[in-house]
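The values are calculated or read from the model by the stated rules, or taken from the named source; none is laboratory data. Only a predicted model underlies this, so the values are computations on that prediction, with no experimental measurement involved. Note: ideal-geometry Cβ built from the backbone for every residue, glycine included; neighbour counts use all protein chains shown. Note: accessible area is taken over every heavy atom of the protein model, side chains too, but ligands, DNA and RNA are not part of it. Shrake-Rupley method; radii C 1.70, N 1.55, O 1.52, S 1.80 Å.
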Amino acid sequence: MKKNLTHSQAAAVFNKDVNRVDWHDETLWFVREKRDRAAQQIPEWELLRETASQIKNNVLSDMHHYLQEFEINALKNGIIVHWAADGEEHNEIVHSIIKKYGVKQMVKSKSMLTEECHLNEYLSEKGVEVIDTDLGERIVQLREEPPSHIVLPAIHLKKQDVSETFHQHLGSEKGNNDPKYLTEVARMHLRDKFLTRKVALTGVNFAVAETGEIVVCTNEGNADMGAHLADVHIASMGFEKIIPQRKHLGVFLRLLARSATGQPITTFSSHFKKPREGKEIHIIILDNGRSTQLGRKDFRNSLKCIRCAACLNTCPVYRRSGGHSYHTATAGPIGSILAPNLDMKKNADLPFASTLCGSCSNVCPVKIDIHDQLYKWRQVLVKEGLSPFGKTIAMKAMSSVFANPMVFNFVGKAGRFAVKNTPIIVNNTLNPWYRQREMPVAPKESFREWYKKNGEEFKDKKDE
Ligand code: SF4
């Protein structure tokens, strides 16, 4: 992730490899179509979405109550509960637990929250090696890259890339691109890690307030392997993962896998309620800006997200710019409304990385008004003076032109003359539109001029 590039600059780098962009686009569209087929097989799909949305609305409006209820029940179950105000505190808690056991390695299943907190880097500085056990995450970890997608972390890579990475790091056969062979290599490599590590960290998909249990969904079973074989299971969750009752799982589990990959259900949906004898479960509940987002009337709905990634798969900008261009842990449309909450200045470019077509909102299983929020963030960022200088000046100039009919007419005439006689004015590489688009030929006259001449005739024909 090149932190100093804006989204559009990083996207331009990604777009240099046209074949990869096309393939990335088509692959994610394939997942989107699978999602559509899975959704269409459920007659009550829209009812499910509405129900999920209402359950989450209820949680957001009574968050403190559900969090307290969850903590009380988790403690009763023998789970140790920690509260972390921010990423740093979260990482310190994880480290303090690991330190107690004197271990130097830990296995971890996919957790975007730990990406958000930069846990791997933090623990590495403390001399603790984290081994990501989700296949896609392990691939990007070996390549020292961040995940590019919240469900499919290595979706930007082809099997040839994976083969080369495994050859370099795991000693697999050079040039063997067979996915089955590569999966076997990963399996043998990870099996040893699972068997010998004492501490395992997982994410949390749902935390049930009524019972104090957590539910972790994976397709590879790696969270289960890690948590069952280790003496200590650490589960990290953002506080928005709370749902009120166990019966609500039926709604969310049906929506999650179908929206994410088009599967009817995630292969493993594991419930962790209490530690086995002699073992420990720690749950870390993280805020890290979520309270602030909860207090932002226009943006609080983003906390309903269940991280299915349907909005990424459908987004034309995400599909053709790649996850790394978003320079934030969670890419795509949802990342672009979460990230400015954490750091408005650093992430001011992200709400503009959208066509506002609304496809993200249409597929969201919990009915988040994603494209509306992107638009609202743009307004906030402009008011805060965080939109790009050139764009701000251009918009101010356009605003004064549009506000005055005489100026509008004059600028139109001058523009048409200039484009016709000195096309270099727009056809030059300083104009970002020209770099990727054919510029239009200047019309002979404006619409207003044309209408003055032809309007009556047009009106007569319409009345006939
Ligand atoms: S915003 Fe909606 S569609 Fe996007 S990841 Fe979250 S739940 Fe899925």
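Exactly which trypsin sites (Lys or Arg not before Pro) in region 202-282 are in a DSSP loop and have at most 13 other Cβ atoms within 10 Å? Could you put the intermediate results ahead of the total?
Working: sites: LYS241, ARG246, LYS247, ARG254, ARG258, LYS273, ARG276, LYS279; in loops: LYS273, ARG276, LYS279.
Sparse-neighbourhood loop trypsin sites (Lys or Arg not before Pro): ARG276.
Based on the Kirkwood radius over alpha-carbon pairs, what is the Stokes-Einstein translational diffusion coefficient of region 64-128 at 25 °C with 0.890 mPa s viscosity, in µm²/s? Write out the running numbers ahead of the final one.
Working: Rh = 13.3 Å.
Value of D from the Cα-based Kirkwood radius: 185 µm²/s.
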Distance between modelled label sites at ASP161 and GLN54, nm, 7 Å Cα→Cβ extension: 4.3 nm
With all protein chains present, the chain has a carbon and sulfur share of its accessible area (1.4 Å probe) in percent of 55 percent
Mind checking which lysines have their Cα closer than 24 Å to the Cα of LYS453? Skip sequence neighbours fewer than 8 apart in that chain. LYS413, LYS420, LYS444, LYS461, LYS462
Relative counts (whole %) of C-alpha pair distances in region 333-429, using bins that are 5 Å wide: 2, 12, 16, 14, 14, 12, 12, 10, 6, 2, 0
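For region 318-464, give the magnitude of the charge dipole about the Cα centre (Cβ charges: +1 Lys/Arg, -1 Asp/Glu; no others), in debye to the nearest 20.
On the way: 22 positive and 13 negative charges, 71 e Å.
Charge dipole of region 318-464: 340 debye, to the nearest 20.
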For region 44-172, what class follows from the C-alpha gyration tensor (a ≥ b ≥ c being the square roots of its eigenvalues): rounded when a/c is under 1.5, otherwise prolate if a/b is larger than b/c, else oblate? oblate
Mind ordering 210-218, 353-361 by average Cβ neighbours within 10 Å, highest first? 210-218, 353-361
Could you tell me which of the pairs LYS159/LYS367; LYS16/LYS158; LYS76/LYS247 are separated by over 27 angstrom between their Cα atoms in the structure shown? LYS159/LYS367
If you plug each phi of region 123-138 into the Karplus form 6.51 cos²θ - 1.76 cosθ + 1.60 with θ = phi - 60°, what whole-Hz ³J(HN,Hα) values come out, in order, with x for Gly and Pro? 5, 4, 4, 8, x, 10, 8, 9, 10, 6, 10, 5, 4, x, 5, 5
If unit charges are put on Cβ atoms (+1 for Lys and Arg, -1 for Asp and Glu) and the dipole of the chain is taken about its Cα centre, the option from MET395, CYS308, PHE14 lying farthest towards the positive end turns out to be MET395
Hey, what does the equivalent ellipsoid look like for the chain, semi-axes from the Cα gyration tensor as sqrt of 5 times each eigenvalue, largest first, whole Å? 47, 26, 21
Setting aside same-chain residues fewer than 8 positions from LYS126, which lysines have a Cα under 19 Å from its Cα? LYS99, LYS100, LYS104, LYS108, LYS198
Along the Cα→Cβ direction, 7 angstrom out, place labels at HIS228 and GLU121. What is the inter-label distance in nm? 3.5 nm
Antiparallel versus total DSSP beta bridges in region 147-243: what percent is that, nearest 5? 35 percent
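Answer rounded, prolate or oblate for region 377-438, using the Cα gyration tensor with square roots of eigenvalues a ≥ b ≥ c: rounded when a/c is under 1.5, else prolate when a/b is larger than b/c, else oblate.
Details: a/c = 3.38, a/b = 1.33, b/c = 2.53.
Here region 377-438 falls in the oblate category.
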Do the sum for the chain: with -39,500 (n - 2.57) for every DSSP H run of n ≥ 4, divided by all residues, what is the mean residue ellipticity at 222 nm, to the nearest 500 deg cm²/dmol? -16500 deg cm²/dmol
In Hz, Karplus ³J(HN,Hα) per residue of region 30-35 (6.51, -1.76, 1.60; θ = phi - 60°; x = Gly, Pro): 4, 5, 4, 5, 4, 4
Violations at 28 Å Cα threshold for listed pairs LYS34/LYS193; LYS193/LYS273; LYS110/LYS279 -> LYS34/LYS193
From the phi angles alone, apply the Karplus equation (6.51, -1.76, 1.60; θ = phi - 60°) to region 345-351 and give each ³J(HN,Hα) in whole Hz, x where the residue is Gly or Pro. 5, 5, 10, 5, 6, 5, x
Could you work out how much longer the chain between ARG143 and GLU46 gets when fully extended? Use 0.36 nm per residue separation minus the Cα distance between them, nm to one decimal. 30.9 nm
Suppose the chain between GLN379 and ALA414 were pulled fully straight at 0.36 nm per residue; how much longer would it get relative to their current alpha carbon spacing? 9.5 nm
Lone Cys, the chain, Cβ cut-off 4.7 Å -> CYS117, CYS217, CYS305, CYS308, CYS315, CYS357, CYS364
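How large is the dipole of the chain about the Cα centre if only Lys and Arg carry +1 and Asp and Glu carry -1, each at its Cβ, rounded to the nearest 20 debye?
Numbers: 65 positive and 55 negative charges, 164 e Å.
Computed charge dipole of the chain: roughly 780 debye.
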Just the number please: accessible area per residue for the chain, 1.4 Å probe, all protein chains included, in Å². 51 Å²
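Taking R0 as 25 Å, what's the FRET efficiency between ASN19 and MET439 from their Cβ-Cβ distance, rounded to 0.05? Intermediate values should be presented prior to the final figure.
Working: r = 27 Å, r/R0 = 1.08.
After rounding to 0.05, the efficiency reads 0.40.
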With only Lys, Arg, Asp and Glu charged, each at its Cβ (+1 for the first two, -1 for the last two), find how big the charge dipole of region 242-309 is about the Cα centre; round to the nearest 20 debye. 220 debye
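Counting DSSP beta bridges in the chain, what percent are antiparallel, to the nearest 5? Provide the component values of the computation, followed by the final result.
Working: 8 of 32 bridges.
Around 25 percent of the beta bridges assigned by DSSP in the chain are antiparallel ones.
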For region 382-446 and region 287-351, distance of Cα centres in Å: 31 Å
Describe numerically, in nm with one decimal, the distance between label points set 7 Å from Cα along Cα→Cβ at MET398 and at TYR181. 5.4 nm
Please give the FRET efficiency for SER61 paired with GLU173, using the beta carbon to beta carbon distance and R0 = 56 Å, rounded to the nearest 0.05. 0.50
Rounded, prolate or oblate: which one fits region 7-103, using the alpha carbon gyration tensor with axes a ≥ b ≥ c (rounded when a/c is under 1.5, else prolate when a/b beats b/c, else oblate)? oblate
